[in-house]
Amino acid sequence: MATRVRFPLKGTNTRIDTMVEGTPQADPELQRFIESETQRQRFQQVVHSVTDMCWEKCMDKPGPKLDSRTEVCLVNCVGRFIDTSKFVLNRLEQNSKGRLGMGE
């Protein structure tokens, strides 16, 4: 039978449960934290990607302030990205539900 050992994480009140002879088992609180941080990282990557894409598309020559044309372009670029993302996510969700309904 495996013996459980608890290791405290430095700087937190969270502990990681591990089995000496077996696979590591993470504390549920730690798992939620990791999931939350992963989602935050994904969101930051999307924001960075959209910023880069729209900057390249809309910025002709950087200046001390945005002209109205550039501002409109940036707003439209981000809006199109959000609309497209929603459309794709909805379509994937519909396809997923359709497959589940068919028994796949």
- Between a first residue in the range 38-52 that is in contact (Cβ under 8 Å) with a residue 40 or more places away in the chain and a second residue that is among the charged types (D, E, K, R) and surrounded by fewer than 10 Cβ atoms within 10 Å (Cβ to Cβ), which pairs have beta carbons less than 7 Å apart while being 6 or more apart in sequence or on different chains? none
- Message: Of all residues being under 19 Å from G79 (Cβ atoms) and at pLDDT 90 or above in the range 30-49, which is least open to solvent (accessible area, probe 1.4 Å)? Just the residue, please.
- Response: S49
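The values are calculated or read from the model by the stated rules, or taken from the named source; none is laboratory data. Quantities reported herein were computed from a predicted structural model and do not represent experimental measurements. Counting neighbours? That spans all protein chains shown, and the Cβs are built from the backbone with ideal geometry, glycine included. The area values use the complete protein model at the heavy-atom level, side chains included, leaving out ligands, DNA and RNA. Shrake-Rupley method; radii C 1.70, N 1.55, O 1.52, S 1.80 Å.
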